[in-house]
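The values are calculated or read from the model by the stated rules, or taken from the named source; none is laboratory data. A quick note: this is a predicted structure, and the numbers were derived from the prediction, not measured. Neighbour counts run over all protein chains shown; Cβ positions are idealised from the backbone, glycine included. For the accessible areas, the whole protein counts, side chains as well, though only heavy atoms, and no ligand, DNA or RNA atoms are used. Shrake-Rupley method; radii C 1.70, N 1.55, O 1.52, S 1.80 Å.
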Amino acid sequence: EDQVTQSPEALRLQEGESSSLNCSYTVSGLRGLFWYRQDPGKGPEFLFTLYSAGEEKEKERLKATLTKKESFLHITAPKPEDSATYLCAVQAVRQAGTALIFGKGTTLSVSS
Amino acid sequence: KAGVTQTPRYLIKTRGQQVTLSCSPISGHRSVSWYQQTPGQGLQFLFEYFSETQRNKGNFPGRFSGRQFSNSRSEMNVSTLELGDSALYLCASSLVLEGSSGANVLTFGAGSRLTVL
């Protein structure tokens, strides 16, 4: 069964304190792995797509990496505005269209 | 560029009633997907419509249904509401390229928050 597990469930950081979020996945053929950010009262906002092991993508203070079993979202010198829930999702090769399997997310709180 | 618009944003229903939620995708996006988000289960895929046809369906009972119109706007309906249907219902649209085998990025709306009493 395809599955996505994110850890930790919640993470509290001080401003400037770098850390990483983990996304472990089990899927029968990976079409793509996605990272989304969700703010309270809003829908998820797309951050990255990763397709194959070894791939890395960066955007401002965020960097996503991918291995055959997990993905990491590295946050460098976070700011309070980075506080949000970060969601990881996978799409299997066998899945047509846009069906994604989401993890339950990591809620990040950054204090100044 | 307008994003994905969902209406209504909030609604309260009682058990046994039915509800219809509406979604207007980004202009040019032909794929519309629906997801249910709850604190316990997270985001779960309901179904996807592409060119007015249901292309994929998640593991939800038949009380959950949807449709897509020729202008790509979509509606989902939940009949005989149960307490457990209380959730945030998210619509997402995607620019799906014909013949593409790549992963498709979803753009989500802000959601419709349904409370069933």
Review point. Taking the condition within 23 Å of A:Q38 (Cα to Cα), modelled with pLDDT under 95 and of a type in the set (S, T, Y), does B:S31 pass?
Key: yes
**Study point:** Residue list for the stretch A:83-112, restricted to those being part of a loop (DSSP other than H, G, I, E, B), under 22 Å from B:L90 (Cα atoms) and open to solvent by 20 Å² or more (accessible area, probe 1.4 Å)
**Key:** A:S83, A:Q95, A:A96, A:K104
Check your understanding: Which one is most open to solvent (accessible area, probe 1.4 Å), of the residues in the stretch B:1-54 that are among the small types (G, A, S), within 10 Å of chain A (Cβ to nearest Cβ) and touching a strand residue (DSSP E or B) at 6+ places or on another chain (Cβ under 7 Å)?
Key -> B:G3
Review point. Condition test on B:F108, is it crowded, with 17+ Cβ neighbours inside 10 Å and under 28 Å from A:L30 (Cα atoms)?
Key: yes
Study note, to complete from the structure: Residues of the stretch B:70-86 being closer than 14 Å to B:C23 by Cα and open to solvent by less than 60 Å² (accessible area, probe 1.4 Å), in sequence order, are B:S72, B:S74, B:E75, B:M76, B:N77
Point to revise | Any chance B:L117 is open to solvent by 60 Å² or more (accessible area, probe 1.4 Å), within 22 Å of A:F34 (Cβ to Cβ), in contact (Cβ under 8 Å) with a residue 12 or more places away in the chain and over 13 Å from the mean Cα position of the chain (by Cα) | key: no
